[in-house]
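Novice: I'd like to ask some things about the structure below.
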Amino acid sequence: AVTPSFDCQKATSAVEHMICVDPLLSRLDRAMATAYRSVRRNRDRIAEQQIFLKRRDACANRDCVRGAYQSALPDLLTGGEPGGMVLFSRPNHGTLTLLEMGDGWIAFSVNGMWPTPGGSWNFAEDGGILRLVNDKSRLRDGDSGCEVEIHRLAPRRWSVKRTTAEAADGCDGVNATIDGVYR
């Protein structure tokens, strides 16, 4: 059984009770707690955690709670969570951070960058939590229609590809992509 990062016997809010009975929300909570523990000495991250908890606790349904975790977790993992795996892709100046959570579940954050002529950078990013089946999985964003596919090619070699059913563009940043092989 999957349990969240807190004791469900002491749950007080409706959101905490919702997390306790939902395996996906429990996994998201455990992943977020693991990632926060790695950066707990960073004052900015502590403030971010308080903001996240207020946003999460204001939710009235499962989709809202899931969305709160799915949007906050990638930003937290981008810092290179200890215990996670950080891989790189040269063509897109990309970084893939993976945190294995057991039973095929992984939390991930992926970023790609493209230099501009003016000296700045364009960015593309995605992240969340998904379960690998036969070393691959897809995560669909219900709002945008974008989908990210992650495929484990070898223990330290992963492929990432983002697509959309609606149009050929709109899922990545301007001139930037997360697509690539990460090592």
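Only the coordinates and a few stated rules stand behind these numbers; no lab work does. Just so it is clear, the structure is predicted and the values come from calculations on it, not from any experiment. Heads up, the Cβs are rebuilt from the backbone with ideal geometry, glycines too, and the neighbour counts pull from every protein chain shown.
Novice: To the nearest 0.05, how large is the calculated FRET efficiency for residue 161 and residue 88 if R₀ is 22 Å and r is the Cβ-Cβ distance?
Specialist: The formula returns an efficiency of 0.85 here.
Novice: For n ≥ 4 DSSP H runs only, could you compute -39500 (n - 2.57) per run for the chain, divide by its residues and tell me the 222 nm figure to the nearest 500?
Specialist: -9500 deg cm²/dmol
Novice: Where a Cα-Cα gap under 18 Å defines reach, which lysines qualify for residue 161, not counting those fewer than 8 residues away within the same chain?
Specialist: Hits, sequence-local ones excluded: 136.
Novice: Round to the nearest 10 and give me the degree value, 0 to 90, for the angle of helix 62-77's Cα axis relative to the longest principal axis of the chain.
Specialist: Tilt relative to the chain: about 60 degrees.
Novice: Sticking with this one: What spacing in nm lies between the two simple spin-label points modelled at residue 132 and residue 2, each 7 Å away from Cα in the Cβ direction?
Specialist: Once both label points are built, they end up 1.6 nm from each other.
Novice: Can you tally the net charge around residue 87? Count Lys and Arg as +1, Asp and Glu as -1, for every other residue whose Cβ sits under 9 Å from the Cβ of residue 87. Present the calculation step by step, with values, prior to reporting the outcome.
Specialist: On the way: positive: 156, 157, 183; negative: none.
Once positives and negatives cancel, what remains is +3.
Novice: Tally Lys/Arg at +1 and Asp/Glu at -1 over every other residue whose Cβ is under 13 Å from the Cβ of residue 11; what's the total?
Specialist: -4
Novice: Just add up the charged neighbours of residue 136: K/R +1, D/E -1, any other residue whose Cβ is under 12 Å from the Cβ of residue 136.
Specialist: +2
Novice: Could you compute the FRET efficiency for residue 60 and residue 149, with r as their C-beta to C-beta distance and R0 at 25 Å, rounded to 0.05?
Specialist: 0.20
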